[in-house]
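In what follows, a structure is listed as structure tokens, so that the remarks can point back to it.
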Amino acid sequence: MPTSQAQDTEWPSYGLDYSNQRFAQIAQINRDNVQQLTTAWSYRSGVKATFQASPIMVDKTIYLSLPFNDVVALDAVTGKQRWRYKHERIKDYPLCCGPANRGVAVAQGKVFIGTVDARLIALDAQTGKRLWDIQVAGSSSAHGESASQLGDAAAFKSAGVSGQSGVGIAMAPLVYQGKVLVGVTGVGYGLHLDADRENKPLGAVVVPGQLWQAGLYRRL
């Protein structure tokens, strides 16, 4: 994988290189000319959901993961779509979290992505064809919770709650010495109460007999 010093025109992994400083030492754009930047092209994915991915660029191709794990390859000069991989999720897989993905990794002619249904997938960088597909965690790793666990006298008993500790992959993989490294994520155990107003910073998490909330801990 090139470092920012060796090849500053590419961005082959989430943090740019192994230092993960996310800083490209380019000289073409500076404080004197940055105000002259204009839109060269734009791309519409057709997906309305949370985007958290860092675009990856290798050999003048931008690789971008979309919510729910579709992947597109775009010509970095024109913005034209070269291919698009459509991810087919496992039916009824208990998702742990939202649809966002942090990005792909590109190495050895392949594009690697972790998925919401806990799979690690390799695509051909030239065509988008799926080369292999590994199940990192199965649906049996998920455990659901219900409001009945709180007991009849518990506070917030009538509040809207949901809870599930499914396992998925949101992080961008890292390729090192021929190996693909990736971790899993999950919300953990506990019931998540619906926020009582919009844009509330953090709702409550309830487990039998106890309540955690932002800045608050007490027994029910």
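Structure values in brief
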| read-out | value |
| --- | --- |
| Reference-scaled alpha-carbon Rg (2.2 N^0.38 Å with N residues) for segment 52-134 | 1.05 |
| Förster radius 25 Å - calculated FRET efficiency between ALA24 and GLN177 (Cβ-Cβ, nearest 0.05) | 0.60 |
| Amide hydrogen neighbours beyond the local backbone of VAL175, cut-off 5 Å, H modeled | LEU181 |
| Long-range amide H partners of ALA107 with built H, under 5 Å | PHE112 |
| Segment 1-91: mean projected area of Cα convex hull, nm² | 7.7 |
| Computed FRET value (nearest 0.05) for TRP132 with ALA40, which takes r as the C-beta separation and R₀ as 30 Å | 0.30 |
| Karplus 3J(HN,Hα) series, Hz, for segment 75-80 with 6.51 cos²θ - 1.76 cosθ + 1.60 (x for Gly, Pro) | 5, 5, 8, 9, x, 5 |
| Enclosed volume per residue, in Å³, of the convex hull spanned by Cα atoms of segment 69-117 | 96 |
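Every number here is computed from the coordinates shown, using simple stated rules; none is lab data. Source: prediction; values computed, not measured. Virtual Cβ from ideal backbone geometry, glycine too; neighbours counted across all protein chains shown.
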